[in-house]
Amino acid sequence: MKFLNLMYKKLVPLGLKLISPKKYKGKEKMSMLYYLDHRERDNLRMLKRSNLNRIGWKEKDLEELLVKNLDRILDEETLMPIFTERSFQEEPDIMALDHTGKLYIFELKRWKSNEENLLQVFRYGQIYGQKNYEDLEKLFLKFNPNSNSLVEEHREYFKLANEEWINKEQFNHQQHFLIVTDGTDVKTRNAVNYWKKTGLNIDSIVYRVFVTDSNEQLIEFNAYSPFQDVIEMEQSNFILNTNYKRNPRSHDEMMNEEKAAAYYHPWKNKIKRIQKGDKVFLYQSGKGIVAMGIGTGEVHMKEYQGKSDEEYYMKLEDFNKLKHPLSAKKMKDVTDSNFMFNQTLFSVDKKKSDLIWKYIKDNHL
């Protein structure tokens, strides 16, 4: 199984360390969190384990957390959420699509899992695996009532070129099951591994909840990602697409009002990731980076296209418009890196962002 370790940015100031899961003789080792004690530097004191039930979270809370942060847990840009369950309906907790139209079915549990979860998710697979494009679009529009057709939104979400477009018949051509559960249940995880060996597309996302000495509550995800096999830590500098392709007025407003903005659920929530002091580069599709500034850390909401609170934005300090755009190719040359620009917002590590910032200061202002 491929794993992605992700801890929220606030862990660093708390003096916590993440011990990443390793493979040892074919078995997964448990990841553990310890305090780094500056007074007793030879002592490893483990962080107290808890669970979502004990701290008062409901399954719906976990569902909202996951669907709004898929880019930080799986990679939202490779999975497009299309639906979350409604009360008293026989529906998966979350359904999402990848760029090929494969359907991902999530089953969430807020505390220790059990083998019945597998039977439940298989039941959903039996029901929703038979859904055609029109069925999925009806569900999608219930979840996203202000959206265009599913096929149009899918093309835009993944920024697919014409030759990459999929037709309606290719939607839901295959299913992938994901069990999201607290990490204490070995039986369920063994059952998942058994079904994987039979060729079934199934994986588990294991989360663990911790409580600090000062009663702060933290969560760790060991999350499966279909396209990545790396250990990632939260970065603090960002490249934001200005939405020029979809709405040039949004781009102009960001440039004139010196802000970073995103629109509609779930993309608008990405603005919350920008914290005070973070570098933000505004990227115009087809052109390159056109402006840059420093995050203030204050997120504001306003009306967008007649709909209340559908724009989240943040004012940027030290805002500079470039005399001419820094192209994607030049950015790759400057950093010796490859970037995926088909995203609303993505993080860039400090070394690369410093290189881009300096190059712009020296050559584009």
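Rule-based calculations on the coordinates, nothing more; no lab input. It should be emphasised that the depicted structure is a prediction, and the values quoted were computed from it without experimental measurement. Here Cβ is always computed from backbone atoms with ideal geometry, including for glycine, and neighbour counts include all displayed protein chains.
Taking the three principal axes of the alpha carbon atoms in the stretch 120-193, the coordinate ranges are 44, 24, 23 Å, sorted in descending order.
For the stretch 284-358, GluC sites (Glu not before Pro) are listed when DSSP marks them as loop and at most 14 other Cβ atoms sit within 10 Å of their Cβ; the list is GLU298. Label zone of GLU59 (point 7 Å out along Cα→Cβ, amide N under 19 Å): in the stretch 118-142 this covers 118-129. Averaging 1/r across all pairs of distinct Cα atoms in the stretch 255-365 and inverting the result yields a Kirkwood radius of 14.5 Å. By its C-alpha gyration tensor, with a ≥ b ≥ c as the square roots of the eigenvalues, how is the stretch 43-102 shaped: rounded for a/c under 1.5, else prolate for a/b larger than b/c, else oblate? It comes out oblate by the Cα gyration axes.
Between ASP309 and GLU156, residue separation times 0.36 nm minus the direct Cα-Cα distance comes to 52.9 nm. Set against the 2.2 N^0.38 Å expectation for a compact globular protein, the stretch 253-306 has a Cα radius of gyration ratio of 1.15. The label point for ASN338 and the one for ARG86, both projected 7 Å from the Cα toward the Cβ, are 4.3 nm apart.
Legend: translational diffusion of the stretch 132-172 by Stokes-Einstein, Rh = Kirkwood radius over C-alpha pairs, 4 °C, 1.567 mPa s; D = 122 µm²/s. In sequence order, the stretch 357-365 has phi-based couplings of 4, 5, 4, 5, 4, 7, 10, 10, 10 Hz under the Karplus curve 6.51 cos²θ - 1.76 cosθ + 1.60, θ = phi - 60°, and Gly or Pro positions carry x. Restricting the stretch 94-183 to chymotrypsin sites (Phe, Trp or Tyr not before Pro) that sit in a DSSP loop and have at most 16 other Cβ atoms within 10 Å of their own Cβ leaves TRP165. Projected onto planes of every orientation and averaged, the convex hull of the alpha-carbon atoms in the stretch 325-365 covers 3.0 nm². Working from label points 7 Å from Cα in the Cα-to-Cβ sense, the GLU257 to GLN126 distance is 5.1 nm.
Rounded to 0.05, the FRET efficiency of the LYS196 and GLU216 pair, given R0 = 35 Å and the Cβ-Cβ distance, is 0.50.
Once both labels are positioned 7 Å from their Cα atoms along Cα-to-Cβ, the gap between LYS330 and ASP42 label points is 5.7 nm. Sequentially through the stretch 101-106, phi angles give Karplus couplings (6.51, -1.76, 1.60; θ = phi - 60°) of x, 5, 9, 9, 10, 9 Hz, Gly and Pro residues having no value and appearing as x.
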